[in-house]
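Throughout, read-outs are computed from the coordinates displayed, never taken from laboratory work. Since we're looking at a predicted model, the values are computed, not measured. Using ideal geometry, Cβ is built from the backbone for each residue, glycine included, and neighbour counts are taken over all protein chains shown.
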Amino acid sequence: MIAPLLRLFYLVLMAIQGKTKIVAIVDDDESVRRALQGLMKEVGLPSLAFASAEEFLNSGQQHETACLITDIRMPGMSGLDLQARLNSERCRIPTIFITAHGDTNMRMQAMRAGAVEFLAKPFNDDVLLEHVRAALEM
């Protein structure tokens with residue numbers, strides 16, 4: 001359970017910055033999407049979930065997204081491909097990668113391309129939220 005003080009911190013941060021910060025979640029696993037949306041809701045962060053990178057891109061939400069949480073391995077476009085596409089379109093979204101199948105090369109590729117973090121599943125919710133907060137402050 002996230003401490004009420006942490007939730008208050010996020011709400012105050014959003015109010016000070018004067019705009020809503022959308023966290024986009026891109027993962028082909030529905031249970032992961034639901035869990036991450038629940039976590040974001042618990043700390044007062046609005047989020048949108050997408051089952052694929054293509055769905056996220058087609059939504060037009062990339063310009064409203066302040067932080068992107070994405071899986072690496074997904075059918076179709078991978079998380080790394082999504083990051084490369086966003087970078088090529090000059091749409092620099094602070095990105096946190098989550099994966100159950102990552103390796104050192106993937107991590108290095110993601111970080112060199114500007115990722116905020118690269119977390120192995122299962123990960124600690126508090127650690128993820130710490131990185132989301134850092135991404136929202138960028």
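Net charge dipole, the chain: roughly 360 debye, given to the nearest 20, about the Cα centre with Cβ charges of +1 for Lys and Arg and -1 for Asp and Glu. In the chain the longest region clear of GluC sites (Glu not before Pro) that are loop-assigned by DSSP and have at most 15 other C-beta atoms within 10 Å covers 1-63. By the helix-only formula, in which each DSSP H run with n ≥ 4 contributes -39500 (n - 2.57) and the sum is divided by residues, the chain has a 222 nm mean residue ellipticity of -14000 deg cm²/dmol. Please name whichever of CYS67, THR95, GLY114 sits farthest to the positive end of the charge dipole of region 21-136, dipole taken about the Cα centre and charges placed at Cβ: Lys and Arg +1, Asp and Glu -1. My answer, from the dipole projection, is GLY114. Annotation note: trypsin sites (Lys or Arg not before Pro) in region 71-138 located in DSSP loop regions with a Cβ neighbour count of at most 16 within 10 Å are ARG73, ARG90, ARG92. Can you give the log10 of the normalised intensity I(q)/I(0) at q = 0.11, 0.14, 0.15, 0.19 Å⁻¹, computed with Debye over equal Cα scatterers of the chain? Debye intensities relative to I(0), on a log10 scale: -0.35, -0.58, -0.67, -1.11. Relative to the longest principal axis of the Cα atoms of the chain, the long axis of helix 30-42 lies at roughly 30 degrees.
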